[in-house]
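J.: Take a look at this one; I'll ask things after.
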Amino acid sequence: LCIPLPESVSFPEAAFTNLAGTAIQAVRRAGIEFGENVLVMGLGILGNMIGQLAGACGAHVAGADFFPLRRKKAEKTGFEITFDTSDEKWTETCGAFASPFGFDCAFICFGGNATPAFENVSRLMKVSPDRHIMGRVVIPGGCEVTTRFGAAIGNLDIRSSARTGPGYHDDSYEQGGDYPKTFVPWTTRRNISEFYRAMESGRIKMKPVITHEFPLDRGPEACELLIGHPEKALGVVLRP
């Protein structure tokens with residue numbers, strides 16, 4: 001799992017490698033196509049990277065979060081538009097962005113109770129002529145969603161996404177083994193390699209996401225900032 005960094009990619013940018021693999025796996029699970037409308041719910045590091053990757057696939061990407069800092073960073077890293085989820089009418093303006101087609105795909109990128117978010121997402125997805133909800137909802141965040149199936153959510157695909165791609169936590173793979181490339185092309189190693197190439201070319205931008213850097217001995221202070229004041233911090237890097 002050791003992958004050389006390109007010369008133009010800094011160590012602080014590469015500090016987000018593991019989350020990047022998780023983001024790439026989620027985008028692969030989504031099967032995004034060029035020109036689709038994509039909504040990212042939750043604009044933390046994971047949501048930001050997923051949005052950037054979806055944009056690199058040629059999608060029209062909208063983001064939603066109630067923290068102004070996260071929305072601002074998302075707009076700086078390529079999201080076409082962002083929405084404040086504390087605004088009661090945000091779904092109306094968000095729906096207008098995807099009009100007249102609706103969203104093809106959505107990601108829920110946060111933990112805790114995501115049922116209200118899922119219900120909002122369901123109202124924004126594309127709808128078939130017989131009024132069935134369609135599209136894909138990918139959930140890489142460790143959240144909980146309560147919903148009725150069948151007619152309640154129509155033909156909406158709900159896809160869980162975990163890890164960084166095939167190979168992660170496979171001892172034989174992590175110690176040098178590999179899978180047949182024809183059948184398993186997008187392994188953890190290749191996902192991360194592609195992330196570095198995307199940063200090297202400028203298609204993915206991590207520098208704007210970094211809000212703070214601390215020396216390692218101030219690690220507890222950095223953690224307190226992230227946990228206690230998420231409105232003030234996004235990407236926090238520790239330097240040894």
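J.: Roughly how many nanometres apart are two label points built 7 Å out from the Cα toward the Cβ at Arg218 and Ser8?
T.: 3.1 nm
J.: If you don't mind, there's one more thing I want to ask. Which value does Rg/Rh take for the stretch 69-155 over its C-alpha atoms, Rh per Kirkwood?
T.: 0.96
J.: While we're looking at this one, here's another question. Quick one: if you stick a label point 7 Å off each Cα along the C-beta vector at Arg239 and Leu1, how many nm between them?
T.: 2.6 nm
J.: Among the lysines, select those whose C-alpha is under 21 Å from the C-alpha of Lys232, and discard any that sit fewer than 8 residues away in the same chain.
T.: Lys72, Lys73, Lys76, Lys205, Lys207
J.: Right, here's the next one. So what's the convex hull volume per residue for the Cα atoms of the stretch 75-125, in Å³? Each step should come with its number before you reach the end.
T.: Working: hull volume 5.0 nm³, N = 51.
Each residue corresponds to 98 Å³ of Cα convex hull volume.
J.: Just how large is the dipole of the stretch 1-144 about the Cα centre, in debye to the nearest 20, putting +1 at every Lys and Arg Cβ and -1 at every Asp and Glu Cβ?
T.: 100 debye
J.: Give me the compactness ratio for the chain, meaning the Cα radius of gyration over 2.2 N^0.38 Å.
T.: On the way: Rg = 18.3 Å, N = 240, 2.2 N^0.38 = 17.7 Å.
Its radius of gyration relative to the 2.2 N^0.38 Å reference: 1.03.
J.: Calculate what fraction, in whole %, of the accessible area of the stretch 1-91 sits on carbon and sulfur atoms when a 1.4 Å probe is rolled over the protein chains.
T.: In the stretch 1-91, the share of accessible area belonging to carbon and sulfur is 54 percent.
J.: List the residues of the stretch 34-71 whose backbone N lies under 20 Å from a point placed 7 Å from the Cα of Ser99 along the Cα-to-Cβ direction.
T.: It comes to 36-40, 60-64, nothing else.
J.: Can you give the charge dipole size of the stretch 83-240 about its Cα centre, rounded to the nearest 20 debye, using +1 on the beta carbon of Lys and Arg and -1 on the beta carbon of Asp and Glu?
T.: 500 debye
J.: Give me the Kirkwood hydrodynamic radius of the stretch 113-154, using the inverse of the mean 1/r over all pairs of distinct Cα atoms, in Å to one decimal.
T.: Kirkwood radius, the stretch 113-154: 11.0 Å.
J.: Oh, and also: Taking 0.36 nm per residue of sequence separation and subtracting the Cα-Cα distance, how much length would be gained by fully extending the chain between Asp170 and Arg203, in nm to one decimal?
T.: Gain on stretching Asp170 to Arg203: 8.9 nm.
J.: Return the FRET efficiency for the residue pair Glu144, Leu226: r is the Cβ-Cβ distance, R0 is 30 Å, and the value is rounded to the nearest 0.05.
T.: 0.85
J.: Further, regarding this structure: Val40's amide H: which non-local residues (gap 5+, or another chain) put their own amide H closer than 5 Å, with H modeled 1.01 Å from N in plane and none for Pro or chain starts?
T.: Ala62, Gly63, Ala64, Phe107
J.: Here's a follow-up. Explain nothing, just compute: Karplus ³J(HN,Hα) = 6.51 cos²θ - 1.76 cosθ + 1.60, θ = phi - 60°, for every residue of the stretch 92-109 in order, whole Hz, x for Gly and Pro.
T.: Taking θ as phi minus 60°, the curve returns 5, 6, 5, x, 5, 4, 8, 5, x, 8, x, 7, 7, 8, 9, 10, 10, 10 Hz for the stretch 92-109.
J.: Moving to a separate point now. Where in the stretch 1-82 are there GluC sites (Glu not before Pro) that are in a DSSP coil and have at most 15 other Cβ atoms within 10 angstrom of their Cβ?
T.: When the GluC sites (Glu not before Pro) of the stretch 1-82 are filtered for loop state and at most 15 Cβ neighbours within 10 Å, Glu7, Glu33 remain.
J.: Expressed as a whole percent, how much of the Cα-Cα distance distribution for the stretch 1-78 exceeds 20 Å? Write out the running numbers ahead of the final one.
T.: Working: 1037 of 3003 pairs.
In whole percent, the long-distance tail amounts to 35.
J.: Could you pull out every residue, at least 5 positions away or on a different chain, whose amide H is within less than 5 Å of the one on Glu213? Hs are placed 1.01 Å off N in the peptide plane, and Pro or chain starts have none.
T.: Val237
J.: Same structure, new question: For the charge dipole of the stretch 185-235, defined by +1 on Lys and Arg C-beta atoms and -1 on Asp and Glu C-beta atoms about the Cα centroid, which residue among Ser193, Pro220, Ala233 has the Cα displaced farthest towards the positive pole?
T.: With unit charges placed on the Cβ atoms, the residue in question is Ser193.
J.: What distance in nm separates the simple spin-label points at Arg123 and Lys89, each placed 7 Å from Cα in the Cβ direction?
T.: 1.4 nm
J.: Ranked highest first by the average count of other Cβ atoms within 10 Å around their residues, in what order do 113-124, 16-27 fall? Display every interim value, and only then the final one.
T.: On the way: 113-124: 17.7, 16-27: 23.4.
Ranked from most to least packed, the peptides come out as 16-27, 113-124.
J.: Could you compute the net charge surrounding Ile81? Neighbours are other residues with a C-beta less than 10 Å from the C-beta of Ile81; K and R count +1, D and E count -1.
T.: -1
J.: So, one more: In whole Hz, what ³J(HN,Hα) sequence does the stretch 164-176 give by Karplus (6.51, -1.76, 1.60; θ = phi - 60°), x for Gly and Pro?
T.: My calculation for the stretch 164-176 gives 10, x, x, x, 5, 6, 9, 4, 5, 5, 5, 9, x Hz in order.
J.: Next question, about the same structure. Roughly to the nearest percent, how much of the accessible area of the stretch 131-240 is carbon and sulfur, given a 1.4 Å probe? All intermediate terms of the calculation are to be shown ahead of the outcome.
T.: Details: 3550 of 6780 Å².
Percent of accessible area from carbon and sulfur atoms in the stretch 131-240: 52.
J.: Also, I was wondering about something else. Please give the solvent-accessible surface of Tyr179 in Å², to the nearest 10, using a probe radius of 1.4 Å with every protein chain present.
T.: 60 Å²
J.: Name the residues whose placed amide hydrogens come within less than 5 Å of the amide hydrogen of Arg159, ignoring near sequence neighbours (fewer than 5 apart) on the same chain.
T.: Amide H to amide H, under 5 Å and 5 or more residues apart or across chains, Arg159 pairs with Val137, Val138, Ile139.
J.: Moving on. Can you give the Kirkwood hydrodynamic radius for the stretch 1-130, in Å, rounded to one decimal and based on Cα pairs?
T.: In the stretch 1-130 this quantity evaluates to 15.3 Å.
J.: When the solvent-accessible surface of protein heavy atoms is calculated with a 1.4 angstrom probe, in what order do Asp178, Asp171, Asp104 fall, highest first? Kindly include the intermediate steps, with their values, before the conclusion.
T.: Numbers: Asp178 95, Asp171 115, Asp104 25 Å².
If we order Asp178, Asp171, Asp104 from most to least accessible, we get Asp171, Asp178, Asp104.
J.: Give me a comma-separated list of calculated 3J(HN,Hα) values for the stretch 60-71, in order, Karplus coefficients 6.51, -1.76, 1.60 applied at θ = phi - 60°, integers in Hz, x for any Gly or Pro.
T.: 8, 10, 10, x, 9, 6, 9, 8, x, 4, 5, 5
J.: Before anything else, pin down the relative contact order of the stretch 1-148: Cα pairs under 8 Å, at least 6 apart, normalised by residue count, whole percent.
T.: 22 percent
J.: Quick check for you: with a 1.4 Å probe and neighbouring chains kept, what is the accessible area per residue of the chain, in Å²?
T.: I get 52 Å² per residue for this part.
The values are calculated or read from the model by the stated rules, or taken from the named source; none is laboratory data. In this text, all values refer to a predicted model and were calculated from it rather than measured experimentally. Methodologically, a virtual Cβ is constructed for each residue, glycine included, from the backbone with ideal geometry; neighbour enumeration extends over all protein chains shown. Side chains included, ligands, DNA and RNA excluded: accessible areas come from the protein's heavy atoms. Shrake-Rupley method; radii C 1.70, N 1.55, O 1.52, S 1.80 Å.
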